[in-house]
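The values are calculated or read from the model by the stated rules, or taken from the named source; none is laboratory data. Note that the coordinates shown come from a computational prediction; the quantities given were computed from them, not determined experimentally. All Cβ positions, glycine included, derive from the backbone under ideal geometry; neighbour counts span all protein chains shown.
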Amino acid sequence: MASSRVQTELFSSKVGGASNEASCATEAARVLREVFGFEKFRGGQRDAVLGALSGRDVAVLLSTGAGKSLCYQVPAVVLAAAGRGLTVVVSPLIALMQDQVGALVSRGVAAAALHSHQEPSEQHEVLARIKEGRLDLLYVSPERAVKREFRERLQGIQVALLAVDEAHCVSQWGHDFRPDYLQLGGLRDFLQAPTMALTATATVHVQGEIERALALHDPVRVRGSFARPELAFSSIPLRTDAQRLEHLCRALASARESKIHSKGRALVYCATRKKTQSVAAALKKRGIAAGYYHAGRTPLARERAHRAFDDRRLEVLVATSAFGMGIDYEDVRVLVHFQMPGSIEAYYQEAGRAGRDGRAANCLLFHGASDILTQRRLNQAKGRGVSPAERQRREDALQALIAYTKTHRCRQAFLIDHFAPQDAGVSGCGCCDVCRGVVIEGPLVSERPASKQMPPPAFDSGELLWIREQVLSFMANIPVPLGKMTLVRALRGSRARAVRLQKMEGIDGFGTLKEVPEPLVSAALESLVADNRLLRRGRKYPTLWLEGREPPVRGARTRSASGAIGGGAVASELESFRRRTARKFSWKPYQVFHRKVVTAVSRAKPQTMEDLAVIPGLGPINIERYGDAILKIVREHG
């Protein structure tokens, strides 16, 4: 690993003190920055990391896309560097293991997996590395983790942390119960190590069952918000496949023409393998590059479909839930459930794979009476030999999703209430079909009178979220905090005196929202303040500033707008380099470096290695690997 080793005495006491906690926090922040390329922890991550480093059990409930894996990966690197031993990660899918191990190895972390798809020689190599203490993280399936021979392999091995990913699988009330998970409590007792349980979809009842089944003792409880303001949820009752295909094609066509969706991917989920094939074939007939993915295909066929979607040779991937946990595409702009899944938990987990970059995405749920029959038939097939209580639980889960499709409440609020009733009270997201007052019946769209409390916005959900994005993009370029009305006028292209005095005309984004009514731009700014994306400062003359951005030095000369704007050619060449490198190593592009690095480099146009060191998300390892190539691109195309 390229980062320096931490001092073992940081962990001389499980309890520690204020200085010990501060040292752990400092080292965790350094690993986050230098190894994983992030400047700061996201909501909940820091508490989970520090809980693990202090030797306590941790229960993590963070929504899909909120960065759960870093909660155990960061402490794993810190603990290994301090000589505290190996972190064992129980993960339910081989594809998920391989994806995470590949990402870690690309960052210089000693990680490996043990699974049934490996050749015997690969397994022997991994076991040798465990025995010799050459691994920081080991990923295993729950089926392997509970076997006696696996425990025998760990005899005499120092284990610092046990992480149980997708921990809802331990609960018989969870949406993806797996019996082997119930035996993980025994592994925890054998390892005598702190345990971290992580999930994205667990009701209050399931959270309690997870803690009991894994015998978590007085755990640090980390719970993030279930709100996903960038996702516009819609529920569309459609009876026939022909109607659904029409709506699907219309959604894809709209995305191509959209300012915010045109360069993104589309995921379509189906309940059955047969349906994935028929939908993909129908899309191909209409000239749309589509493929399909399900567990019944050969590993080679699945890999080819996955790779084609990765490389953007496919515009759409039609899949069952087999294309699921661990899938991490930041630019899924359209996510469609062609058929209803079996529960709100399954639906929210799959829908949460859209908009992971924080930008707007549309999530459409098609449903009808036939879907209910399909789910009941699937439940019967899975339920042979299960108890009446389990069959009732599955029916209750289906009924909860049916209630979601029929609700006249804000859909985002309905989902939050289901998972976190203590956070209930959300008035409305402003972008789901209910909040917009739009009812879709078959191929027709009719308007429903809006409530007095929440009049429908003048723009559709995609445009509303696009407005917020334009505001945030503009805020990233302004040199100093400004008053709200000055910002509104600049975004609308006004030549008002206050705008001219601040020399706003030359800033990238000036006039972007000239076609948007002033009250809507003002409302977008207020909503970003309410979401803590923008900070309001001052009382008499309040100004707005982008959350997390360093404030300008008082009295210092501000940078011109043009100096903060990256050239298109630099960004294009960097993106090409990122993809070429990923193909060379059979990685995903984000494993080289994230897209935000492309944006930051194209804006800052660094000239030296020292300049690269301040680019957020790059980190020393990637600077060492790619620094010369990045600087060459900037010199030639900047």
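A quick yes/no check of all residues on (1) more than 19 Å from Ser235 (Cβ to Cβ); (2) assigned to a loop (DSSP other than H, G, I, E, B); (3) of a type in the set (Phe, Trp, Tyr):
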residue	(1), (2), (3)
Met340	no, yes, no
Glu345	no, no, no
Ala354	no, yes, no
Leu364	no, no, no
Leu373	no, no, no
Asn379	yes, no, no
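Restricting attention to region 512-527, the residues that are part of a helix (DSSP H, G or I), in contact with a helix residue (DSSP H, G or I) (Cβ under 8 Å, 6 or more places away or on another chain), closer than 10 Å to Ile467 by Cβ and of a type outside the set (S, T, N, Q) add up to 4.
Please tell me if Ala561 is in contact with an Asp or Glu (Cβ under 7 Å, 6 or more places away or on another chain) and either surrounded by 12 or more Cβ atoms within 10 Å (Cβ to Cβ) or at pLDDT 80 or above (or both). Show your work before the answer.
On the way: in contact with an Asp or Glu (Cβ under 7 Å, 6 or more places away or on another chain): yes; either surrounded by 12 or more Cβ atoms within 10 Å (Cβ to Cβ) or at pLDDT 80 or above (or both): yes.
For Ala561, the condition - in contact with an Asp or Glu (Cβ under 7 Å, 6 or more places away or on another chain) and either surrounded by 12 or more Cβ atoms within 10 Å (Cβ to Cβ) or at pLDDT 80 or above (or both) - is met.
Scanning region 607-630 for residues that are more than 30 Å from the chain's Cα centre (by Cα) and hydrophobic (A, V, I, L, M, F, W, C) yields one hit, Met609. Got at least one residue in region 77-89 being polar (S, T, N, Q), assigned to a strand (DSSP E or B) and over 16 Å from the mean Cα position of the chain (by Cα)? The answer is yes; a qualifying residue exists. Quick one: would you say Gly102 is touching a residue at least 24 places away in the same chain (Cβ under 8 Å) and at positive phi? When the stated conditions are applied, Gly102 does not pass them.
Yes/no per residue for (1) crowded, with 24+ Cβ neighbours inside 10 Å; (2) out of contact with any helix residue (DSSP H, G or I) (no Cβ under 7 Å at 6 or more places or on another chain); (3) not aliphatic (A, V, I, L, M):
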{"position": "Val77", "(1), (2), (3)": "yes, no, no"}
{"position": "Arg84", "(1), (2), (3)": "no, no, yes"}
{"position": "Ser91", "(1), (2), (3)": "yes, no, yes"}
{"position": "Ala95", "(1), (2), (3)": "no, yes, no"}
{"position": "Gln100", "(1), (2), (3)": "no, no, yes"}
{"position": "Val105", "(1), (2), (3)": "no, yes, no"}
{"position": "Gly108", "(1), (2), (3)": "no, no, yes"}
{"position": "Ala112", "(1), (2), (3)": "no, no, no"}
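Among the strands (runs of 3 or more DSSP E) confined to region 97-210, the ones with at least 3 residues that are more than 30 Å from Phe226 (Cα to Cα) and of a type outside the set (D, E, K, R) are located at 111-114.
With respect to Glu166, is the statement that it is at pLDDT 85 or above, over 18 Å from Lys68 (Cβ atoms) and not small (Gly, Ala, Ser) true? No, not satisfied. For region 81-98, the criterion of being modelled with pLDDT of 80 or more, among the small types (Gly, Ala, Ser) and under 21 Å from Ala200 (Cβ atoms) is satisfied by at least one residue.
Among the residues that make up region 114-124, is at least one of them surrounded by fewer than 22 Cβ atoms within 10 Å (Cβ to Cβ), of a type in the set (A, V, I, L, M, F, W, C) and in contact (Cβ under 8 Å) with a residue 40 or more places away in the chain? Break it down stepwise before answering.
Taking region 114-124 and keeping what is surrounded by fewer than 22 Cβ atoms within 10 Å (Cβ to Cβ), we get 114-124.
Applying the additional criterion that residues be of a type in the set (A, V, I, L, M, F, W, C) yields 114.
Filter again for in contact (Cβ under 8 Å) with a residue 40 or more places away in the chain, leaving none.
Taking every residue of region 114-124 in turn, none turns out to be surrounded by fewer than 22 Cβ atoms within 10 Å (Cβ to Cβ), of a type in the set (A, V, I, L, M, F, W, C) and in contact (Cβ under 8 Å) with a residue 40 or more places away in the chain.
Here Arg554 passes the criteria (1) at pLDDT below 80; (2) in a loop (DSSP other than H, G, I, E, B); (3) under 26 Å from the mean Cα position of the chain (by Cα) except the one numbered (3). When you look at Gly287, is it on the phi > 0 side of the Ramachandran plot, outside the structural domain of Trp587 (by TED's automatic domain parsing) and surrounded by fewer than 19 Cβ atoms within 10 Å (Cβ to Cβ), yes or no? Yes, satisfied. If the condition is being out of contact with any strand residue (DSSP E or B) (no Cβ under 7 Å at 6 or more places or on another chain), under 23 Å from Phe419 (Cβ atoms) and not aliphatic (A, V, I, L, M), then region 183-217 contributes Thr201, Thr203, His205, Gly208, Glu209, Arg212. Being over 20 Å from Pro92 (Cα atoms), surrounded by 20 or more Cβ atoms within 10 Å (Cβ to Cβ), among the small types (Gly, Ala, Ser) and modelled with pLDDT of 95 or more holds for only one residue in Ala280, Ala305, and it is Ala280.
Is it the case, given these coordinates, that Glu230 is in contact with a helix residue (DSSP H, G or I) (Cβ under 8 Å, 6 or more places away or on another chain) and either touching a residue at least 24 places away in the same chain (Cβ under 8 Å) or acidic (Asp, Glu) (or both)? Here the answer is yes, as Glu230 does meet what is asked. Taken across region 575-583, residues that are in a helix (DSSP H, G or I), under 24 Å from Gly509 (Cα atoms), at pLDDT 85 or above and not polar (S, T, N, Q) do occur, with at least one present. Of the residues screened, Ala389 is not one that is among the small types (Gly, Ala, Ser), at pLDDT below 85 and part of a loop (DSSP other than H, G, I, E, B). Inspection of region 513-522 finds a residue satisfying the criterion of being crowded, with 16+ Cβ neighbours inside 10 Å and modelled with pLDDT under 80.
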